[in-house]
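Below: one structure, written as structure tokens.
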Amino acid sequence: MREVRGDPDHPVNKGKLCAKGALLGQVFDTGDRLLTPMVRDRKGAHTRVTGWDEAIDRVADAIRRNVAEHGPDSVMLYGSGQLPTEDYYLFGKLAKGFIGTNNQDTNSRLCMASAVAAYNLAFGADAPPASYEDIESADTFLILGANVEACHPILFDRIKARKRADRDGVKVIVVDPRRTRTAEIADIHLPVLPGTDVALLLSLLFEVRLAGGIDERFIEEHTSGWAEIERALKGWSAERASSVTGLDAQDIVDAARIIATNGPMLSLWTMGANQSTSGVDKNLALINLSLATGNIGKPGAGPFSLTGQPNAMGGRECGGLATTLPGHRLVADAGHRTEVEGAWGLAPGSISDRPGLTAIEMVEALERDEVRVVWIAATNPVASLPNAPRVRAALQRAELVVVQDAYYPTETGRIADVLLPAAQWSERPGTMTNSERRICLLEQIGEAPGTALPDWQIICRVAEALGHGDDFDYADTEAIFDEYRELTRGRDLDITGVSYDVLRQSAGGVQWPHPEGAVLGAAAEEPSSPRLFGDGRFPTPDGRARFHAPGYRKPAEILSDEYPLALLTGRVKDQWHTMTRTGKVPKLMRSEHEPFLEMHPDDAGHLGVADRQLVLVTSRRGSLQLRARVTDAIRSGAVFAPFHWGELWNRHAVTNAATSEATDARSKQPELKFAAVRVEPVAAVAA
């Protein structure tokens with residue numbers, strides 16, 4: 001058992017740890033590590049242990065054969081925000097540069113794609129402008145669709161400390177259909193009807209303008225598109241928004257007046273905004289509020305999306321999404337493709353101009369037999385993607401499913417044809433980037449068990465078996481980082497001044513941009529500033545931030561007499577994703593030992609559901625059984641279930657059996673935060 005302590009000198013956690021971090025020793029000591037490669041001789045056969053040579057050859061042969069027979073787009077690589085940047089980078093280099101397909105996506109599609117799209121539209125780059133240190137300078141916090149207390153507990157402690165330091169001056173506004181512990185510290189809690197956030201945000205900006213909170217000088221000098229916003233705001237008074245959102249009109253007005261008058265505002269959001277068919281519009285509406293009030297580029301202010309995985313940001317930087325290339329480049333841009341081809345020593349035209357498949361599109365392509373080989377690394381899509389039974393059935397159609405993971409079994413590993421044992425981050429070095437653009441070096445502190453290898457070495461071995469060994473010949477992860485770093489030169493995220501040595505010398509990582517010549521600890525106006533756009537210039541053609549008018553639309557699914565309730569999904573504090581790491585730690589299971597369904601007393605009474613009763617939750621896709629938790633902490637008309645428990649834990653309680661695969665048209669992020677369902681007592685169903 002290894003003891004884990006927080007680093008008191010780290011600028012983010014300052015020595016504090018959440019329960020999952022404090023118990024990492026127990027997480028690493030569970031008995032379900034994948035220790036050696038395994039294969040199935042045919043679909044449905046039992047796995048058998050094998051060596052690395054056979055497993056690698058099996059993967060490479062399937063890729064080579066299908067590329068020859070069906071083209072490179074018959075192959076799909078699906079990664080994870082848990083991969084270090086070096087591994088992420090190589091996954092993309094192999095797929096996009098050498099296999100020849102842009103079919104490389106990531107489970108970050110499920111959490112951050114809408115924020116990425118909105119940042120690019122508004123700023124010209126995927127560039128979150130704020131920093132964690134802005135928490136200590138903010139006077140106003142607007143928290144939307146984020147249960148920070150459960151999902152980012154160290155940041156929540158900092159927000160609470162900021163509020164304690166100035167109880168009268170600091171104001172917190174929380175937008176959430178649930179009264180979570182995050183909402184309990186709010187001066188105003190807005191329990192919005194699910195799916196109506198855009199209407200609320202339009203109304204907030206309408207009322208901010210009436211309250212005199214618009215920074216007209218900033219708009220005039222540093223933005224474009226404000227006239228479009230003014231047209232979009234017409235009619236969105238608090239009274240109108242009240243009828244759409246189910247909120248009290250005066251609460252909307254009061255929140256707007258706080259935003260207009262109370263000082264620097266930090267907007268924080270996560271999956272509640274992103275996981276929606278209106279996810280990009282929700283993000284744009286949040287960014288518009290900051291731009292219109294001048295809350296950007298200065299201490300305590302800015303729109304600030306919080307990532308759901310440790311390296312979701314790093315994957316975005318190095319080209320881990322289906323439409324991107326390293327250094328915030330796009331596969332659709334001919335110049336960008338040429339730059340990357342040159343860096344990788346490829347002939348012109350080697351990188352395809354076709355956008356790759358995103359996560360949900362991967363499932364659809366499998367159903368059409370267009371994708372035949374799927375290589376999945378460090379994630380568990382059978383449990384995490386919406387409409388889980390459909391995902392499982394689609395993957396079972398593939399000729400070869402490769403699962404590269406540290407644990408076995410998982411829901412996805414159960415159907416893998418080849419299992420490749422991977423080292424965890426503590427068992428190999430590498431870098432990750434957090435929500436505030438901070439790159440940290442994670443040093444190796446232990447050895448991987450069995451014959452498990454670091455992900456980057458597995459990727460390199462497959463590349464060698466495909467005949468690309470010279471292009472994937474790296475001595476260590478530092479060599480990979482150095483190669484990737486050069487692809488950021490001159491880009492908005494330039495980190496040419498960063499090296500492993502610089503990261504070791506820093507007191508907790510380095511925030512980008514940090515170009516060659518930048519100095520650690522430089523003043524705010526220097527390139528290594530903790531926040532972006534302090535000079536009012538943005539990486540757009542005219543140097544201005546761009547307003548985009550969001551449009552309010554209802555969720556993809558319609559509530560009806562048959563499906564009258566909106567199912568929301570989310571996390572509980574002590575579990576991590578699909579529980580492959582945390583579900584076998586007894587201390588982490590104590591706070592929530594089983595999945596549950598929160599529902600309002602009015603809904604429960606109408607349906608004859610008692611507290612702690614087993615209920616059947618049914619959507620248009622599937623059903624699950626959960627223990628009811630009757631509480632007025634959730635608004636009437638909505639129910640909430642955590643998504644962590646997959647079929648390995650309780651095959652009757654898989655939340656993602658009911659969730660919707662409808663996606664935002666621009667970000668392709670699925671609407672995991674809204675599914676139309678009905679709820680019935682199990683006894684009534686049986687009768």
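Would you pull out the residues with amide H under 5 Å of Asp215's amide H, same chain only if 5 or more places away, H placed 1.01 Å from N?
Thr293, Gly294
What does the C-alpha gyration tensor say about the overall shape of the range 162-318? Classify as rounded when a/c is under 1.5, otherwise prolate if a/b is larger than b/c, or oblate.
rounded
Could you check how much of the accessible area of the range 535-604 is carbon and sulfur, as a whole percent, using a 1.4 Å probe?
Heavy-atom surface of the range 535-604 belonging to carbon and sulfur, 1.4 Å probe: 49 percent.
Going by a ≥ b ≥ c, the root eigenvalues of the Cα gyration tensor, does the range 311-439 fall in the rounded group (a/c under 1.5), the prolate group (a/b larger than b/c) or the oblate group?
It comes out oblate by the Cα gyration axes.
Could you point to the label whose value was computed as volume of the Cα convex hull per residue in Å³ for the structure here, given [x] 161; [y] 215; [z] 148?
[z]
Between exposed GluC sites (Glu not before Pro) in the chain, where DSSP calls loop and at most 11 other Cβ atoms lie within 10 Å, what's the longest gap?
4-446
Which value, in Å to one decimal place, does the Kirkwood hydrodynamic radius take for the range 235-309 when every pair of different Cα atoms is included?
Answer for the range 235-309: a Kirkwood hydrodynamic radius of 13.6 Å.
Straight-line reach from Lys93: which lysines have a Cα under 27 Å away, not including same-chain ones fewer than 8 places off?
Correct list for Lys93: Lys668.
Rounded, prolate or oblate for the range 525-648? Axes are the square roots of the Cα gyration tensor eigenvalues, ordered a ≥ b ≥ c, and the cut-off for rounded is a/c under 1.5.
Verdict is oblate for the range 525-648.
Apply the Karplus parameterisation 6.51 cos²θ - 1.76 cosθ + 1.60, with θ equal to phi minus 60°, to every residue of the range 20-28 and state each ³J(HN,Hα) to the nearest whole Hz, in sequence, with x for glycine and proline.
Calculated HN-Hα couplings, in order: 5, x, 5, 9, 4, x, 6, 4, 6 Hz.
Using a 1.4 Å probe, what is the accessible area per residue for the chain, in Å²?
Each residue of the chain exposes 35 Å² on average to a 1.4 Å probe.
Among the lysines, which have Cα under 21 Å from the Cα of Lys673 when same-chain residues fewer than 8 positions away are ignored?
Answer for Lys673, where 21 Å is the Cα cut-off: Lys282, Lys554, Lys573, listed by chain and number.
Using θ = phi - 60° and the Karplus relation 6.51 cos²θ - 1.76 cosθ + 1.60, list the HN-Hα couplings for the range 319-330 in order, rounded to whole Hz, with x at every Gly or Pro.
Karplus-based 3J(HN,Hα) across the range 319-330 equals x, x, 9, 5, 10, 10, 10, x, x, 6, 9, 10 Hz.
Give the residue list of trypsin sites (Lys or Arg not before Pro) in the range 274-375 that are DSSP loop and have at most 12 other beta-carbon atoms within 10 angstrom.
Arg368
Would you please give the residues with an amide H less than 5 Å from that of Leu487, counting only those at least 5 places away or on a separate chain, with H modeled from the backbone geometry?
Here the answer is none, since no amide H 5 or more places off falls under 5 Å of that of Leu487.
Report, for the range 582-685, the % of DSSP beta bridges that are antiparallel, rounded to 5.
Taking every DSSP beta bridge within the range 582-685, about 75 percent pair in antiparallel fashion.
Please list, in chain and number order, the residues 5+ apart from Val172 or on another chain whose amide H is under 5 Å from its amide H, with Hs placed from the backbone.
Residues meeting the criterion, in which the H sits 1.01 Å from N, are Phe141, Asp187, Ile188.
Could you check what % of the DSSP bridge pairs in the chain are antiparallel, to the nearest 5?
Percentage antiparallel, nearest 5: 40.
Size of the dipole of the range 359-478 about the Cα centre, Lys and Arg at +1 and Asp and Glu at -1 on the beta carbon, nothing else charged, in debye to 20?
The dipole of the range 359-478 has a size of about 540 debye.
I need to check one value: relative contact order of the chain, counting alpha carbon pairs closer than 8 Å and at least 6 residues apart, in percent.
After rounding, I find 19 percent.
Enumerate the calculated ³J(HN,Hα) couplings along the range 223-238 in order (Karplus 6.51 cos²θ - 1.76 cosθ + 1.60, θ = phi - 60°), each rounded to whole Hz, writing x wherever the residue is Gly or Pro.
Values per residue, Gly and Pro as x: 9, 9, x, 5, 4, 5, 5, 4, 5, 5, 7, 4, x, 8, 5, 4 Hz.
Defining a contact as two alpha carbons under 8 Å apart and six or more residues distant in sequence, what relative contact order in percent does the range 11-145 show?
Computed over the range 11-145, the figure is 13 percent.
Scan the range 108-210 for trypsin sites (Lys or Arg not before Pro) in coil per DSSP, keeping those whose Cβ has at most 12 other Cβ atoms within 10 Å, and list them by number.
In loop regions of the range 108-210 (DSSP not H, G, I, E or B), the sparsely surrounded trypsin sites (Lys or Arg not before Pro) are Arg167.
With unit charges on the beta carbon (Lys/Arg positive, Asp/Glu negative), name the residue among Thr488, Leu626, Ala183 whose Cα is farthest towards the positive pole of the charge dipole of the chain.
Leu626
Express in whole angstrom the spacing between the alpha-carbon centres of the range 46-118 and the range 413-433.
13 Å
Could you check the simple spin-label distance between Leu17 and Ile558, using points 7 Å along Cα→Cβ, in nm with one decimal?
Spacing of the two 7 Å Cα→Cβ label points: 5.3 nm.
To check you understand DSSP bridge types, tell me what percent of the beta bridges within the range 326-465 (both residues inside) are antiparallel, rounded to 5.
Rounded to the nearest five, the antiparallel share is 30 percent.
The values are calculated or read from the model by the stated rules, or taken from the named source; none is laboratory data. All figures in this text were calculated on a predicted structure; none of them were measured in a lab. For neighbour counting, all protein chains shown are included, and Cβ atoms are generated from backbone atoms with ideal geometry for every residue, glycine included. Each accessible area value is taken on the protein alone, full model and side chains, heavy atoms only, with ligands, DNA and RNA left out. Shrake-Rupley method; radii C 1.70, N 1.55, O 1.52, S 1.80 Å.
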